[in-house]
Structures are given as C-alpha cells and as structure tokens.
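What follows is a single structure, written as structure tokens, with notes after it.
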Amino acid sequence: MLIVKKFGGTSVADKDRIYNVAERCLKDYREGNDVVVVLSAMGKMTDVLIEQAHEIHPNPPKRELDMLLVTGEQTSVALMGMAFDKLGVPSISLNAFQVAMHTTSVYGAARIKRIDTERIRHELSAKKIVIVTGFQGINKYDDFTTLGRGGSDTTAVALAAALHADKCEIFTDVDGVYTADPRIVPKARKLKEISYDEMLDLATLGAGVLHNRSVEMAKKYGVELVVRSSLNDSEGTIVKEVGRVERMLVSGVAADKNATRISVIGLEDRPGVAFRLFDMIAKANINVDMILQSIGREDKKDISFTVDEDSADAAEELLEKNREVLKAERISVKKNVAKVSVVGAGMMSNPGVAAKMFECLYNAGINIRMISTSEIRVTVLIDEEDCDRAVKAAHEGFGLED
Ligand code: ADP
Ligand code: ASP
Ligand code: MG
C-alpha cells in the first residue's frame, strides 16, 4: 500500500513529538508499505515568521514573505529526516523544488497545478520514507509560493491524488472532525464520517481543522481522507462521498472571526450600480462573501458585503478612492464581526432550519446583521463578541451535543 500521512504543527512541535511522528510512520513502513509524510512547520513557527516579517516591514512584499515562510516547513522535514536516520531507517526530505510541486504564481495563495511524481517514486522504490514539505510550491518564475494558511492539508491530498495513494491520513491535535470546534464547544461530538460537500462548507466557513482546498481536491479526485489525532489511536473521522440516506439535519456549526463588513451607503438606485461596484472589487482580486442590498428609498440604496479581514484595508482604500465614481455618500467598515454557520446536507429537504437558527440566536439575545443561505447551510453575520455564545447556542439548539 502507498500511504500519505500529514502531520500538523502541534504534532511536530518539539523533539518528542517528532520522534512520536517517526514511530507512527515506522509502523506502516515496517508492515511493508510505501510511506510519504507531509509536514507543517513546527508549532507556531509560521506565526513567528510572519511576526518577524512585520517587524521589518508593515506590508512585506509577498514574494519575500513566501521565501521566508517556506523555511518553517523545511526545518521540520529536515529534522524528521534526522530522526529517521537516528532510528536506523532510510528516508529523504524533499522541498517543493526537489519534488517539483508546480503551482499558480500568486504568492501567499497559490493553487497546486501539477506534481511531478518521478523523484518521489524513485525514492520510494529505494525503500525510503519520503518526507515532503507541506504548504509550499514553486511557480513559473522558479520562485517559492505558499498555498495559504493551513495549506499543508492540501499538499497531502494533492500528493495522495497524484501518487494514487491507497490511504491519506491527516493527523492533528484533535481526534477528528467534530460537530463544532471542541475548543469552543466542549460538548461537541466527533463525527464518524462526513461528506465532502459538508466538510467543504464547514472548512470554508471557518472550521480550521482542514484547509478548504484540500477538501475540494479530495472530492475532485475521490481521495478518501481520515482526520485523526497524532497523539492517540482513536478512529478519527472519514471524509468521503456519503450516500443520501441517514443524513443528519445539521452536521456541524462553524465560526469565522476573520470577517469584515463593508457598507457602501447612499448609492444611486438604478441598473448597473452593483455591477460597477463588484466589478471594481473583483478586478482588485478581492473576494466578496455575503452581500446584502437594501430596498431603495428616494432613489438611493445601500449595499453591504463581507470580505476577509486581510483584504479589508485594501477594499476600503479602493472604495474611498472611487467613492465619487461610484456616486456613494460614504463607506463604512466594521471589523469586529463574525460569521456563524450551520451546515448539513439534511436541510435540503427540511424548510425549518433557518428559522430554528434564528430562534437559537434570539433566545441567546444575539442580534443578526446579515444572513445568507445555500441548499446545505445557513450563515449569519453577528458581532464578534457574540461569536462563541452563538456557536454554543446553535450547537445546543440543533441537538448536536454529546
Ligand atoms: P494542524 O496544525 O494539525 O493542521 P489546525 O490547528 O490547523 O491543526 O487544526 C486543528 C484545529 O482545528 C483544532 O485544534 C480545533 O481547535 C480546530 N477546529 C475548528 N473546527 C473544528 C471542528 N469542527 N472539528 C475539529 N476541530 C476543529
Ligand atoms: N505552516 C502553515 C500554517 O501555519 C501551513 C499549515 O500548517 O498547514 O499555516
Ligand atoms: Mg491545519
């Protein structure tokens, strides 16, 4: 069997954890399997590197930032290679260049395009454990890129797909995917399995346990994932295509505190206004999430939308600069907001879910600022200070507790 095993930052945070990972990989290796290990940077290393960059420059050039961040993953794979050597096992560490992990050009948010598998296959056939840096790639300029925070999961899934691996395991610091972040909701329940679509929504809406692109890719290439703890042997959660039967109404609650709400106030109420606004934002490469347009009054209307906190300043600057072109009266920006979502394939055939969500929040005395829904989710925008309470209220209201 060919097995891809990915370990996150906490799982390789220090010497003992590195040896723990090595032992776990050895078990599979000694049973005769080919083992590819994908690692993240140790502990909070990536955060530390970002802080260092900001000490030098308030807005570091993205290319140089990626050049810096990739050192985190390089440190962990090199140390892991040393641990295997100490244990007397042949292994080799490879970075994105050595593998040849090709991505798009966008620094900080690159997408994997193609992976050359020749080198890895060659090393595996020499009976080595192959240790690959997560989170990084190379672009057409032969520069390092990174895949976005949490991107090592995506490296692992992409490798599993490219190598046609028999198994792809994501080891982390919790026992699997829960009905909500167990750090916010201690009574959250571990899911035995979850569908790609539900997991994709949860991940996109803030459940940081998996990088959303990794789920997208797993679905596209039919890679079944297991999310489990690196510290114990409990079964974990399987992410796969789940049949329609026996789906729960709601499978989880997710929260995202990185949202910012931007309101463009006093726009003209006539055709083309929304197009002009969002076309401008799209051309600046800023992703918009929820959108709300007020009913027109006296030929005027307001449009509010949310963006990621990272893009908030750029969006505000762009709109202020173009306020006259847009014929807007003013721009208002609110950063301390959060998105809370309930996700579940079962809601497709159950009309009461949105109402139930609003009831939960009403009972908790939480005010809703924006709402958006899809077939399998309901999302509300609320004040950030209410976020954890809202997650708990929805989790309890939908009966998800253990
Ligand atoms: P790693 O470094 O292993 O990639 P992450 O910190 O990226 O780990 O992801 C694991 C964390 O995700 C957990 O510690 C947990 O707090 C958080 N998390 C958020 N939502 C969920 C959820 N629904 N189920 C499990 N963990 C979640
Ligand atoms: N080290 C990177 C991060 O902290 C990638 C990852 O952990 O997946 O975001
Ligand atoms: Mg992660």
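The values are calculated or read from the model by the stated rules, or taken from the named source; none is laboratory data. Keep in mind it's a predicted model, so treat the numbers as computed, not measured. Every residue, glycine among them, receives a Cβ derived from its backbone with ideal geometry; neighbour counts consider all protein chains shown. When the accessible area is computed, the model is the full protein with side chains, heavy atoms only, and any ligands, DNA or RNA have been set aside. Shrake-Rupley method; radii C 1.70, N 1.55, O 1.52, S 1.80 Å.
A few remarks follow.
- Test: residue in the range 198-214 that is in a loop (DSSP other than H, G, I, E, B), of a type in the set (Asp, Glu) and in contact with a strand residue (DSSP E or B) (Cβ under 6 Å, 6 or more places away or on another chain): no
- Search result, residues across the range 321-339 that are in a strand (DSSP E or B) and touching an Asp or Glu at 6+ places or on another chain (Cβ under 8 Å): ILE331, VAL333, VAL337, ALA338, LYS339
- Selection within the range 194-222 - within 16 Å of ligand 2 (Cβ to nearest atom) and at positive phi: GLY206
- Scanning the range 286-303 for residues that are open to solvent by 50 Å² or more (accessible area, probe 1.4 Å) and more than 26 Å from GLU385 (Cα to Cα) returns ILE295, ARG297, GLU298, ASP299, LYS300.
- Leading residue by the ranking (nearest to ligand 3 (Cβ to nearest atom)) among those in the range 197-213 that are open to solvent by 50 Å² or more (accessible area, probe 1.4 Å) and within 18 Å of CYS387 (Cα to Cα): GLY208
- Qualifying residue in the range 47-62 (condition: under 23 Å from VAL157 (Cβ atoms) and within 14 Å of ligand 2 (Cβ to nearest atom)): no
- Filter pass, VAL353 being open to solvent by less than 20 Å² (accessible area, probe 1.4 Å), at pLDDT below 95, in contact with a strand residue (DSSP E or B) (Cβ under 7 Å, 6 or more places away or on another chain) and of a type in the set (A, V, I, L, M, F, W, C): yes
- Looking only at the range 295-315, and only at residues there that are among the aliphatic types (A, V, I, L, M) and not in a loop (DSSP other than H, G, I, E, B), the one that is farthest from SER341 (Cα to Cα): ALA314
- Residues that are more than 14 Å from ligand 3 (Cβ to nearest atom) and without any contact (Cβ under 8 Å) to a residue 12 or more places away in the chain were ranked within the range 176-196; the one that is farthest from THR237 (Cα to Cα) is PRO186.
- Residue count for the range 372-395 satisfying the condition of being free of Cβ contacts under 8 Å to residues at least 60 places away in the same chain and out of contact with any Cys (no Cβ under 6 Å at 6 or more places or on another chain): 9.
- Qualifying residue in the range 304-320 (condition: open to solvent by 30 Å² or more (accessible area, probe 1.4 Å) and touching a helix residue (DSSP H, G or I) at 6+ places or on another chain (Cβ under 6 Å)): no
- In the set LYS283, LYS220, LYS240, only one residue is loosely packed, with under 15 Cβ neighbours inside 10 Å, closer than 30 Å to LYS5 by Cα and not acidic (Asp, Glu); that residue is LYS220.
- Filter result (of a type in the set (Phe, Trp, Tyr) and under 21 Å from ASP153 (Cα atoms)) within the range 78-126: PHE97, TYR107
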